[in-house]
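A.B. asks: This structure is in structure tokens; I'll ask about it shortly.
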Amino acid sequence: MSHPRKIKGDRMTSVKQTIGVIGSLGDLGSQLVRRAKRYGFLVREFDIADRHTSTKELSDCEIIHVCAPLENFIVPPVRGLIILHDSVMDTSRRFNDQLDQKAAVVHLLMNSAQRAVVANDQPNAEAAASHLQQLGFDPISMPVDEHDRIIARSQAPLALLCDALLPELFQLDKEGLLTPSGETLAETLRSRTLIWTPATRRAILRNPQLRELISELSNILDQAQPPDK
């Protein structure tokens with residue numbers, strides 16, 4: 001595994017850029033809009049659910065943040081840098097192939113450390129990192145596969161459990177058949193589904209690094225079984 005590299009740069013800029021946010025009504029997009037305005041950027045918004053917005057307003061943006069699901073999505077013609085934000089970087093990488101490798105690939109972790117991961121094996125990594133610093137993030141660089149391996153172990157398990165267990169846990173809770181730990185699990189998964197849409201969960205579960213994790217868990221389970229008589 002390679003070591004992540006912190007990216008240094010100038011957080012200050014004398015002239016703030018005009019940036020666009022596609023998916024501005026979503027969880028990530030709305031947070032990014034608020035942050036960009038707080039840091040003095042002129043922000044133009046587009047969301048397919050908001051009929052008052054139009055992709056035409058994004059044509060002269062210097063940077064376009066794509067915070068919407070990339071499945072069946074077409075980025076409008078823009079003159080500036082495109083930044084893809086899928087939490088599974090492999091999805092952004094494959095979408096970037098359709099853009100002839102013109103976009104940067106990042107993942108904003110939105111945690112207390114203000115971390116932003118920038119794919120250093122995709123184009124425009126330095127430009128994206130500099131911009132993210134101007135938004136108050138602390139960027140770090142790593143390859144796509146290394147990032148997705150981390151996410152497979154930290155984000156994806158909850159999405160997997162939401163799809164596999166939550167409906168049954170709700171029913172068991174109604175029947176009073178959950179232990180305290182079961183109640184905690186049900187409440188944790190329920191709170192996460194209030195934030196994640198079904199499309200978001202599907203996107204997370206597309207992480208190709210998940211199969212390695214499932215294989216490791218299966219090996220652990222096999223080792224815990226009693227020996228054959």
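Rule-based calculations on the coordinates, nothing more; no lab input. Computed from a predicted structure; not experimentally measured. When we count neighbours, we look across all protein chains shown, and the Cβ atoms used for this are built from the backbone with ideal geometry, even at glycine.
A.B. asks: Under 22 Å between alpha carbons: how many lysine pairs meet that in the chain, if sequence neighbours fewer than 8 apart on the same chain are excluded?
C.D. replies: For the chain, qualifying lysine pairs total 5.
A.B. asks: Still on this structure, please answer the following. What helices does the chain hold that run 18 Å or longer along their axis, going by alpha-carbon atoms, with a Kyte-Doolittle average of 0.5 or more, using DSSP H for the helix calls?
C.D. replies: The answer, listed by residue number, is 156-174.
A.B. asks: Could you state the orientation-averaged shadow area of the convex hull built on the Cα atoms of the range 150-192, in nm² to one decimal?
C.D. replies: Across all orientations, the range 150-192 yields a mean hull projection of 2.9 nm².
A.B. asks: Charges only on Cβ, +1 for Lys and Arg, -1 for Asp and Glu: so what's the dipole of the chain about the Cα centre, in debye to the nearest 20?
C.D. replies: Computed about the Cα centre, the dipole is about 780 debye.
A.B. asks: While we're on this one: Along the three principal axes, how long is the range 146-229 when you take its alpha carbons, biggest first, rounded to the nearest angstrom?
C.D. replies: 40, 37, 15
A.B. asks: Now a separate question. Please list the non-local residues whose amide H lies under 5 Å from the amide H of ASP138, H modeled 1.01 Å from N, same-chain partners needing a gap of 5 or more.
C.D. replies: Answer set, sorted by chain and number: ARG115, ALA116.
A.B. asks: Just the Cα atoms of the chain, one point each, no solvent: what log10 I(q)/I(0) does Debye give at q = 0.15, 0.17, 0.18 Å⁻¹?
C.D. replies: Normalising to I(0) and taking log10 leaves -1.04, -1.25, -1.36.
A.B. asks: What fraction, in whole percent, of alpha-carbon pairs in the range 73-131 exceed 20 Å separation?
C.D. replies: 21
A.B. asks: Could you check the simple spin-label distance between ILE48 and ASP121, using points 7 Å along Cα→Cβ, in nm with one decimal?
C.D. replies: The two pseudo-label positions are separated by 3.0 nm.
A.B. asks: In Å and on Cα atoms, what radius of gyration and Dmax does the range 21-65 show?
C.D. replies: 9.8, 27
A.B. asks: Another question, then. Which residue, chosen from GLN101, PRO208, PHE170, occupies the Cα position most advanced towards the positive end of the dipole of the range 93-229, where the dipole is computed from +1 (Lys, Arg) and -1 (Asp, Glu) charges on Cβ about the Cα centre?
C.D. replies: GLN101
A.B. asks: Turning to a different aspect of this structure: Relative to the compact-globule scaling 2.2 N^0.38 Å, provide the ratio for the alpha-carbon radius of gyration of the range 93-181.
C.D. replies: Here the answer is 1.52, to two decimals.
A.B. asks: Still on this structure, please answer the following. I want the antiparallel fraction of DSSP beta bridges within the chain, as a percent rounded to 5.
C.D. replies: 20
A.B. asks: With a Förster radius of 41 Å, plug the Cβ-Cβ distance of ARG34 and ASN219 into 1/(1 + (r/R0)^6) and report the FRET value to the nearest 0.05.
C.D. replies: 0.40
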